[in-house]
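Enquirer: Encoded as structure tokens, here's the structure I'll be asking about.
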Amino acid sequence: MSRHGRETRVPPERSGEADREDRERAFSLLDEGIGRRDLLRATALIGAGAIAPAWATGCAVSQPPAPPGRPPAAVLQPGEGPRPGTYIVSTPDTIRWGSLPNRDAKAVARVRSGAIVTFDAVSHEGILEDQGRDPLAYFASKGVAEQSVMRDARAIAESDLEHSLTDDGPHVVTGPVDVIGAVPGDALKVEVLALRPRTPYGVISNRHGKGALPGEFPENSGPLPGASARAPERFRNISTFTPVRDVRGRGHGYLPVRPGMAAKFPLDPFMGIMGVALDTAKRVDSVPPTEAGGNLDVKNLTVGSSLYLPVFVTGAKFFVGDSHYAQGHGEVALTALEAPLRGTFRLTLLKEGSREVPAEDGRLRMPFGETAEYWMPIGLNADLDAAMKQAVREAISFLGAELGMPRATAYAYLSAATDFVVSQVVDGTKGVHGLIRRADFVAV
């Protein structure tokens with residue numbers, strides 16, 4: 001057992017059918033509204049690393065896009081379908097466009113520790129100025145019927161919210177939610193219980209001056225004078241509409257290669273943005289990740305994972321956004337496969353000094369991820385080398401705190417057995433996270 005009382009071994013394998021039945025039963029409990037006893041039952045049934053049941057992951061149709069006038073079955077509009085716990089809809093009053101909540105942000109909801117919260121996250125792709133700030137027209141040009149365009153995205157695009165593609169972050173950020181009793185020095189544990197895709201399509205974008213290869217892509221001479229929402233083509237950015245299809249029960253994105261060939265890749269949804277408010281009254285850009293989380297873009301934070309965040313302000317002020325259907329480590333073009341998700345989370349307050357906090361002295365200073373398979377220390381810095389160094393230092397510190405591992409031994413182990421991967425290189429502040437295999441640590 002670890003100092004936190006958590007087993008380091010991976011749970012034994014079970015049959016796929018038994019797992020499916022357990023997941024369906026667990027999420028039925030979540031959807032019906034539950035007390036503490038049922039919450040514990042649902043937690044046990046879901047388990048770390050489990051995936052959501054069919055209704056929570058089914059995101060596509062096996063046939064081509066539905067003809068005009070008939071929405072595909074996979075479309076999940078606001079207020080439709082299961083909405084466990086406290087339900088937060090994205091509206092012009094509950095979101096920020098291009099910035100994150102700060103300490104002065106008014107909460108859209110207040111919950112107690114252990115509460116389940118469901119957010120309808122809206123993708124920025126399809127509503128930005130280089131797409132005309134008109135998702136109905138933009139997606140119609142891709143063959144999407146009006147009924148299959150998200151109503152919440154349309155309401156945000158049609159609102160009088162000010163937004164600039166060049167001056168603001170692109171993201172639609174929903175929240176914040178206050179956790180009663182949270183104070184600076186505490187930690188917030190965010191368990192990802194379900195991520196349900198809301199459309200059978202998404203968008204991957206590359207914009208001038210952005211991505212891993214700015215100045216090389218997009219492969220044109222750059223924006224033209226007069227670029228605006230009224231003349232989106234003058235931005236000369238590249239957005240690739242990506243349909244999703246179901247293949248043997250799992251959604252896949254499809255990109256054309258040449259006649260008769262497509263690139264097919266599996267969906268693995270996660271929230272690119274999960275965070276808490278920084279202790280500042282200043283405007284906080286949505287793009288760079290910080291010690292409070294935000295735009296981490298750690299693709300391993302899928303269903304069954306947990307993210308630990310240090311608390312900087314009273315209430316913590318948790319928020320989500322930048323929903324992704326799939327992303328490669330690095331996110332090199334600029335965006336992942338961006339698309340709207342319905343995310344269900346459990347928010348648990350860990351008081352400073354708690355043995356459940358994954359930090360040497362019980363006070364978390366950086367975000368930290370966890371799955372059934374991995375512990376994930378995170379490093380952030382504008383310099384990728386410095387981000388790598390921070391991730392390694394965080395890993396050494398964690399292994400000492402969690403397992404009592406001597407620092408020199410931890411450094412040797414990490415060198416021999418742990419992958420450190422580039423989370424993303426496109427958010428100004430770059431990210432690196434370690435993948436420490438929990439199963440490596442055994443009794444002898």
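Just so it is clear, none of the values below were taken in a lab; they were calculated from the coordinates. Small disclaimer: the values here were computed from a predicted structure and weren't measured. FYI the Cβ positions are ideal-geometry reconstructions off the backbone, even for glycines, and counts take in every protein chain you see.
Enquirer: What does the C-alpha gyration tensor say about the overall shape of segment 141-181? Classify as rounded when a/c is under 1.5, otherwise prolate if a/b is larger than b/c, or oblate.
Expert: Working: a/c = 2.71, a/b = 1.51, b/c = 1.79.
Cα axes put segment 141-181 in the oblate bin.
Enquirer: Could you tell me whether segment 321-393 comes out rounded, prolate or oblate from its Cα gyration tensor? Rule is a ≥ b ≥ c as square roots of the eigenvalues, rounded for a/c under 1.5, then prolate if a/b exceeds b/c, otherwise oblate.
Expert: oblate
Enquirer: Let me ask something else. Can you find, among 286, 304, 209, the residue farthest towards the positive end of the dipole of segment 58-350? Put +1 on the C-beta of Lys and Arg, -1 on that of Asp and Glu.
Expert: With unit charges placed on the Cβ atoms, the residue in question is 304.
Enquirer: Still on this structure: Is there a quick way to get the dipole size of segment 368-440? I mean about its Cα centre, with the Cβ of Lys and Arg at +1 and of Asp and Glu at -1; what is the value in debye to the nearest 20?
Expert: 160 debye
Enquirer: What FRET efficiency do you get for residue 279 and residue 141 if R0 is 60 Å and r is their Cβ-Cβ distance, rounded to the nearest 0.05?
Expert: 0.85
Enquirer: As a quick test, which of the pairs 189/389; 317/351; 106/351; 142/317 have an alpha carbon distance above 27 angstrom in this structure? Each step should come with its number before you reach the end.
Expert: Values: 189/389 25 Å; 317/351 16 Å; 106/351 23 Å; 142/317 37 Å.
Pairs exceeding 27 Å: 142/317.
Enquirer: At 0.36 nm per residue, minus the direct Cα-Cα distance, what do residue 151 and residue 372 gain on full extension? Give it in nm, one decimal, please.
Expert: Full extension from residue 151 to residue 372 adds 76.0 nm.
Enquirer: Follow-up question, since we're still on this one. Using the Kirkwood formula over every pair of different C-alpha atoms, what hydrodynamic radius in Å results for segment 368-440?
Expert: One decimal place: 12.1 Å for the Kirkwood radius.
Enquirer: Once you order the gyration tensor axes a ≥ b ≥ c over the Cα atoms, which shape class does segment 233-322 get: rounded for a/c under 1.5, otherwise prolate or oblate by comparing a/b with b/c?
Expert: oblate
Enquirer: Something else: If each of residue 407 and residue 250 carries a label point 7 Å out from its Cα toward its Cβ, how far apart are those two points in nm?
Expert: The answer from the label model is 4.2 nm.
Enquirer: Along the positive direction of the dipole of segment 58-350 (beta-carbon charges: Lys, Arg +1; Asp, Glu -1; about the Cα centre), which of 174, 156, 86 reaches farthest?
Expert: 86
Enquirer: Set the Förster radius R0 to 35 Å, insert the Cβ-Cβ distance between residue 440 and residue 263 as r into 1/(1 + (r/R0)^6), and round the FRET efficiency to 0.05.
Expert: Efficiency computed from Cβ-Cβ geometry: 0.55.
Enquirer: Equivalent-ellipsoid semi-axes (√(5λ), Cα gyration tensor) for segment 64-176, whole Å, largest first?
Expert: Taking √(5λ) for each Cα gyration eigenvalue gives 26, 21, 9 Å.
Enquirer: 7 Å from Cα along Cα→Cβ at both residue 417 and residue 86: what's the point-to-point distance in nm?
Expert: 4.0 nm
Enquirer: Moving to a separate point now. State to the nearest 20 debye the size of the charge dipole of segment 58-350 about its Cα centre, where the only charges are +1 on K and R beta carbons and -1 on D and E beta carbons.
Expert: Numbers: 30 positive and 30 negative charges, 158 e Å.
Once rounded to the nearest 20, the dipole reads 760 debye.
Enquirer: Another question, if that's okay. Set the Förster distance to 30 Å, then compute FRET efficiency between residue 381 and residue 159 from the Cβ-Cβ distance, nearest 0.05.
Expert: Computed FRET efficiency for residue 381 and residue 159 comes out at 0.25.
Enquirer: Apply the Kirkwood formula to segment 58-350: the hydrodynamic radius equals the inverse of the mean of 1/r over all pairs of different alpha-carbon atoms; give it in Å with one decimal.
Expert: 19.3 Å
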